[in-house]
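S.K.: Okay, here's the structure, questions in a sec.
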Amino acid sequence: MATKLTLHHLLLPILRVGGALNPPRHLGPHRFPKSSKTPHPPVKNLLPDHSILQIFSHLPTNQLCRCARVCRRWYNLAWDPRLWSTIRLSGELLHADRAIRVLTHRLCQDTPNVCLTLEIVVVNGCKGAPPVGPEILGPQMRPGKAATPGAGCSKVTCISLTQEASLQLSPLHGQQISIHFLDMTDCFSLEDEGLRTIASHCPRLTHLYLRRCSRLTDEALRHLALHCPSIRELSLSDCRLVGDFGLREVARLEGCLRYLSVAHCTRITDVGVRYVARYCPRLRYLNARGCEGLTDHGLGHLARSCPKLKSLDVGKCPLVSDSGLEQLAMYCQGLRRVSLRACESVTGRGLKALAANCCELQLLNVQDCEVSPEALRFVRRHCRRCIIEHTNPAFY
């Protein structure tokens, strides 16, 4: 009688081939039950195509490429277009530039149907990060060729380049890229001229993250507002050379801007926040943590001009006090998340004003603030769904 194979028996060899599973040593080597009669066919031939595709869909890019080398059947399955909407590359030992060039060359030439489905490219923690521009995706993926069937990747909308990517921007010769999402967190080498190049050739950007791009200045933001008028989310956290003039340029985005982070941009004061508040009335999220030049006057302008504000972080802003919170409570009653961490001038008076008027509050951070247990209990009574993060041992 033939021995029945369990799902464990079927999946383990497949995952081993893909390099996705290394069983613990104490389990010992994997062995199939011995059959007294005819041997079983190779495990990779037992599963139907749709089951193998389901397994492949959980594998990262590098392991999917390994699976494509097992046999002709797996090669054809591994290049199924449904598996290639995203390319993710990670690991210090991986040379990102070479990997992307090889992959996109294969996608665009050997399997043209695949490149039409590619939407996201993520490069994280790799050496040799690629240049930004059409060259990152290979010449066949420029939208200029997207009208030719099988020649372009018109759906590419997202690129993430993180972990100290060294950017050598290439001339783009008037080409435009249909990128909507660009994450350049920790691209320390990015300078104003580089961002100008990106902005002028990516006019459809809606989400741009420039966290810790420490060489960027106010001048870079002028080009950004000029060429990318549709930006909805912008992060400039820890861009310490950005100041009020930069926020004046950001304010040119006007009604499109919903999310803005300028955390730890120490050159920003009430002046810059006032620009944003005046011209971006649909702002929903502002992170100004560590902007020590922000005062109650800036919060007042923000509250009166951005009544739809949902989330605000003004932690470590020592000049923010109860007066600013009272104005927020009066005009921004839809607030859901507020962080006042280490705001030395905030007391129970400001918290009570928030709690009494902002009934939808879901998160309040008052760690390292001098607030009484009574004030915290008041918040808890009026905002029953609110999670209070605090450092007061007398409140429980």
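S.K.: So how do 368-377, 323-332 stack up, highest first, on mean other-Cβ count within 10 Å? Walk me through the numbers before you get to the answer.
M.R.: Details: 368-377: 16.9, 323-332: 21.2.
Order by mean packing, descending: 323-332, 368-377.
S.K.: Something else: Assuming R0 = 41 Å, what is the FRET efficiency of ARG88 and ALA356, from their Cβ-Cβ distance, to the nearest 0.05? Spell out each step's value before the answer.
M.R.: Details: r = 47 Å, r/R0 = 1.14.
With a Förster radius of 41 Å, E is 0.30.
S.K.: For the pair GLU292/HIS382, report the inter-label distance in nm, with labels modelled 7 Å from Cα in the Cβ direction.
M.R.: My value for the distance between the label points is 3.2 nm.
S.K.: Using the Cβ atoms and a cut-off under 11 Å, what net charge is assigned to the surroundings of ILE231, where Lys and Arg are +1 and Asp and Glu are -1?
M.R.: Working: positive: ARG204, ARG232, ARG252, ARG258; negative: GLU233, GLU254.
Neighbour charge sum, excluding ILE231 itself: +2.
S.K.: What number comes out for the charge environment of ARG267, summing +1 per Lys or Arg and -1 per Asp or Glu over other residues with Cβ under 13 Å away? Intermediate values should be presented prior to the final figure.
M.R.: Details: positive: ARG240, ARG248; negative: ASP218, ASP238, ASP244, ASP270, GLU292.
My count for the surroundings of ARG267 gives -3.
S.K.: Still on this structure, I have one more. Got a sec? Which residues in segment 324-352 would a label at ASP368 touch, if it sits 7 Å along Cα→Cβ and we count backbone N under 19 Å?
M.R.: Residues passing the 19 Å test: 338-348.
S.K.: With Cβ to Cβ distances under 13 Å as the rule, what net charge do the other residues near ALA394 carry (K, R +1; D, E -1)? Write out the running numbers ahead of the final one.
M.R.: Numbers: positive: ARG377; negative: GLU370, GLU374.
With Lys, Arg at +1 and Asp, Glu at -1, the neighbours total -1.
A short reminder: the numbers here are calculations on the coordinates, not readings from a lab. Remember, predicted model here, so these are calculated numbers, not experimental data. Neighbour counts run over all protein chains shown; Cβ positions are idealised from the backbone, glycine included.
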